[in-house]
Every structure is written in structure tokens, then in C-alpha cells.
Amino acid sequence: MENLPTGVEGLDLLLDGGYPKGKSILVTGPPGTGKTILGLHFLHRSCLDGRKCILVLTRELSEDILAQARSLKLDLDPFLENGQLSIRNIFEDKINKIKSVSKFGKGLSAVDTDIIEYLSSMSSEVDVVVIDNIGVMAINHDMREFADKFSSISIILLKNGCTSLFIMDVDSYNMTQKLTGYMVFGLVRLITQENFSSGKTKQYLYIEKMRNTPVPVKYSLFDITSHGIRVISGMK
Ligand SMILES: Nc1ncnc2c1ncn2[C@@H]1O[C@H](COP(=O)(O)OP(=O)(O)OP(=O)(O)O)[C@@H](O)[C@H]1O
Ligand SMILES: [Mg+2]
């Protein structure tokens with residue numbers, strides 16, 4: 001199986017070279033654990049390798065994410081300019097639609113933008129898709145609707161041969177009764193262990209599953225530096 005480099009050297013070593021090509025990986029974890037940064041690494045590496053990438057944002061402003069990438073030396077601006085990277089911001093679209101429809105007195109239901117519609121119409125040349133954060137779908141829909149939507153997105157991406165990262169906050173992940181974990185090829189969890197007496201925290205990257213990939217070490221200690229995520233060591 002061919003793998004795509006994750007952009008994090010230590011993680012590539014754990015994953016036999018990177019994320020399995022053409023498959024979907026779910027990344028989950030509490031706030032501030034590095035999920036978005038993991039996505040930025042993958043986009044930056046993939047763009048450097050000449051791949052065509054899409055970033056779908058549902059909760060943050062594009063400018064904030066781009067500034068975060070710059071601050072971590074994972075600058076994505078050149079790839080936006082040369083067209084290798086496209087950003088679709090569902091969150092900003094919603095804000096703009098709310099502004100315009102509120103003038104006509106319509107409710108929020110009229111502004112529900114659909115990730116599925118967007119992905120259905122994407123070019124077959126797209127290699128890499130990062131969705132940050134897909135957890136919003138868990139809030140807007142009941143469990144059956146959510147499962148339907150999630151599997152539709154997975155199938156579209158699979159058929160298109162995209163290697164995809166679904167970023168999902170841990171609360172939405174738990175709210176969906178971890179259903180998404182079964183529906184993806186790989187599952188990576190970012191975990192923070194706090195020691196209140198020493199005041200120190202430890203961050204672990206836990207590769208809970210990666211089908212068809214031998215994973216030598218499941219838990220690895222990592223930290224976030226000015227150059228992003230750095231895997232320090234692993235334990236079996
Ligand atoms: N330059 C840096 N040096 C050290 N740590 C940094 C740096 N930039 C960001 N961080 C750390 O990374 C964390 C943010 O990571 P990230 O944005 O990937 O989190 P997240 O899991 O996506 O959070 P959320 O669920 O809120 O979106 C911050 O809490 C901060 O501590
Ligand atoms: Mg984030």
C-alpha cells in the first residue's frame with residue numbers, strides 16, 4: 001500500500017511512511033491538542049510534494065488558520081496563490097448568508113451549506129482533503145442523519161481517490177458514540193495527560209487503528225514547537 005507523508009517525520013516512521021493513500025483518517029482530541037496543526041502539516045507536506053489539496057473549514061476563519069500555518073513555518077500562502085490549495089470556508093459562507101437572509105427575515109435553516117454538495121463537485125485531480133472540523137455535523141443532525149452524511153462524504157472521497165483527514169473534536173466524537181471510528185480507515189487520537197501536582201502536561205499521539213499498516217508503537221509522546229508537532233518517543 002502506498003502512503004503519503006504526514007509532514008511529521010516521527011509520525012511517518014510510526015505509519016510505515018505516512019497516511020494510507022486514498023483512504024480517510026479521523027483525528028480526534030480535546031481542544032488545543034494539535035488537531036489543526038496535524039492537518040496543516042499534512043497540507044503543507046502534500047503541497048510541497050506537488051499534490052492538489054483542499055481544506056474545508058467549518059469553525060474558524062481562513063485568515064486565522066493561514067496565520068497559524070505561517071507562525072509554525074508551514075506557510076500555505078504560496079500554494080493558495082499557485083492554485084495547488086483551495087480553501088472552502090463553510091463557516092464564513094454561513095456568516096455571509098446569515099447577513100443577507102436576515103434582511104428578508106428568513107431563519108437559520110435557510111443557510112445550511114452542505115459539505116457534500118461541495119465535495120461532489122470537486123475536481124477528480126484532488127489528491128488530499130482536510131476537513132476541520134467535521135464535528136459540526138454531529139450537532140446539526142440526529143445520529144442517523146449524521147451517519148448518512150458522514151458515510152456519503154467518505155464514499156465521495158474514496159471514489160475520488162483522495163487521502164483525507166477528518167478532524168473532529170472529542171465531544172462530537174463521543175456524542176456520535178464513536179461511530180465515526182468504525183467508518184474510517186485510520187483513527188488517531190491526541191491525548192493530554194495533566195499532572196496537577198507538578199503542573200506539567202504530557203501530550204500523547206495514540207494511533208488507535210490504521211488498517212493494512214503495521215504500527216510498531218501505539219502511544220507516542222509529542223510536543224508542539226515553533227515548527228509544529230514533534231514526536232519525541234513511543235511506547236508499545
Ligand atoms: N508556535 C507554537 N509553539 C508552541 N506551541 C504552540 C505554537 N503554536 C500553537 N501551539 C500550541 O498548539 C495548540 C493549538 O493547536 P491546534 O490549533 O492544532 O489545536 P486543536 O486541537 O485544533 O484545537 P481546537 O479543538 O480548539 O481547534 C495551542 O494550544 C498551543 O498551545
Ligand atoms: Mg483546531
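No lab work stands behind these numbers, since they all come straight from the coordinates. Every value quoted in this text rests on a predicted model; they were computed, and no experiment measured them. Note: ideal-geometry Cβ built from the backbone for every residue, glycine included; neighbour counts use all protein chains shown.
Taking the chain as the reference, fit the longest principal axis to its C-alpha atoms, fit the long axis of helix 62-71 to the helix C-alpha atoms, and give the angle between the two in degrees, 0 to 90, nearest 10.
For helix 62-71, the angle is close to 20 degrees.
Can you order the peptides 151-163, 23-35, 221-233 by their average number of other Cβ atoms within 10 Å per residue, highest first?
The most tightly packed comes first, giving 23-35, 151-163, 221-233.
Taking neighbour Cβ counts within 10 Å as the exposure measure, how do L80, L55 sort from fewest upward? Show your work: numbers first, answer last.
Values: L80 17, L55 25.
By the 10 Å Cβ count, ascending: L80, L55.
Would you calculate, for the chain, the mean residue ellipticity at 222 nm contributed by helices, counting each DSSP H stretch of 4 or more residues as -39,500 (n - 2.57) and dividing by all residues, to the nearest 500?
Per the formula, -10500 deg cm²/dmol.
Let me spell out the model: positive unit charges on the Cβ of Lys and Arg, negative unit charges on the Cβ of Asp and Glu, origin at the Cα centre of the chain. What dipole size does that give, in debye rounded to 20?
420 debye
For the chain, find the longest principal axis of its Cα atoms and tell me its angle to the long axis of helix 90-102, 0 to 90°, nearest 10.
20 degrees
Only counting other Cβ atoms within 10 Å, I'd like M168, M175, M210, M1 sorted with the fewest neighbours first.
Fewest-to-most Cβ neighbours within 10 Å comes out as M1, M175, M210, M168.
Does the stretch 1-86 come out rounded, prolate or oblate by the C-alpha gyration tensor, with a ≥ b ≥ c the root eigenvalues, rounded set by a/c under 1.5 and, if not, prolate when a/b is larger than b/c and oblate if not?
oblate
With 10 angstrom as the radius, rank M183, M143 by how many other C-beta atoms surround their C-beta, starting from the fewest. List each step's numbers first, then the result.
On the way: M183 16, M143 12.
Fewest-to-most Cβ neighbours within 10 Å comes out as M143, M183.
Measure off 7 Å from each Cα along the Cα-to-Cβ vector at K99 and I116, then give the distance between these two points in nanometres to one decimal.
Here the modelled spin labels are 2.9 nm apart.
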